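The values are calculated or read from the model by the stated rules, or taken from the named source; none is laboratory data. Note that the structure is a prediction, hence the values are computed from the model and not measured. FYI the Cβ positions are ideal-geometry reconstructions off the backbone, even for glycines, and counts take in every protein chain you see.
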Amino acid sequence: MRPYLKWLIAGAVTLAVGLVAWSGYAYLQHSRETQAQAVLDKARPKFSQPGQAEEAIAALNALIQDYPSSRAAQMARLFKAHLLYQTKKYADAARTYEEARSFLGLKDPYAWGPFVTESLSYCYEAQGDYAKAAQTLKPLVDQASGSYQAILLAHLALLYDQAGNRQEARDIWQRLLSSTYNPVLLSYWKEKLAADKGTAEKTPGKN
């Protein structure tokens with residue numbers, strides 16, 4: 001063993017240094033997450049106070065700037081977007097939701113993607129850009145299932161209708177008629193389908 005002793009010692013030292021460095025990094029990350037969460041918790045009471053919306057947004061901006069990659073910062077982006085939407089700053093809310101979606105990435109570790117996408121669609125709808133709202137919502141509709149998909153489909157049909165895409169709206173109403181068994185909803189879908197058909201008959205040459 002003696003000829004290899006220095007190599008064994010060097011390997012052991014390297015491993016020890018690596019473990020210490022990893023432990024230090026993990027501790028630092030945990031510490032930053034804890035600090036970021038404490039800042040978020042301190043700002044939470046302002047979220048439900050309409051008169052403190054600007055102050056709350058400023059606190060959230062500071063948190064995002066100081067701890068950009070933390071989970072608390074991601075939550076802060078969602079709270080900020082919601083406050084911006086509530087204060088009718090729809091374009092700013094849309095940009096914040098887009099930023100949140102880009103930080104989620106493909107993995108979406110917190111499963112917030114559907115909420116962010118649906119909220120983003122509402123932002124575009126509030127700005128009157130119904131075509132972009134429908135374009136944003138459609139991928140989520142395709143991924144959803146069950147009653148949640150039915151709710152999203154109805155919203156998507158209304159967006160198509162408001163955007164002037166009558167054929168797409170009629171296709172969705174017909175799809176809902178074929179898959180919904182609630183009598184109240186069936187009656188509503190039939191009314192919407194009939195209304196869209198009536199509009200199409202009055203405006204020949206348009207979908």
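Quick notes
- Once the range 104-121 is narrowed to residues that are surrounded by fewer than 16 Cβ atoms within 10 Å (Cβ to Cβ) and touching a residue at least 12 places away in the same chain (Cβ under 8 Å), the residue that is nearest to residue 65 (Cα to Cα) is 110.
- Residue 171 vs. criteria acidic (Asp, Glu) and more than 14 Å from residue 194 (Cα to Cα): no
- Meets criteria (in a helix (DSSP H, G or I) and surrounded by 14 or more Cβ atoms within 10 Å (Cβ to Cβ)) for residue 44: no
- Condition check for residue 62: more than 19 Å from residue 112 (Cα to Cα) and either assigned to a helix (DSSP H, G or I) or under 18 Å from the mean Cα position of the chain (by Cα) (or both): yes
- Pairs where the first residue, in the range 67-80, is in the same structural domain as residue 97 (by TED's automatic domain parsing) and the second is hydrophobic (A, V, I, L, M, F, W, C) and assigned to a loop (DSSP other than H, G, I, E, B), C-beta under 9 Å, 6+ apart: 74/112; 75/112; 78/112
- Selection from the range 90-125 of residues that are more than 22 Å from residue 135 (Cβ to Cβ) and either of a type outside the set (Ser, Thr, Tyr) or assigned to a helix (DSSP H, G or I) (or both): 107, 109, 111
- Residue within the range 141-148 that is part of a helix (DSSP H, G or I), modelled with pLDDT under 95, buried (at least 18 other Cβ atoms within 10 Å of the Cβ) and not assigned by TED's automatic domain parsing to the domain that holds residue 62 present: yes
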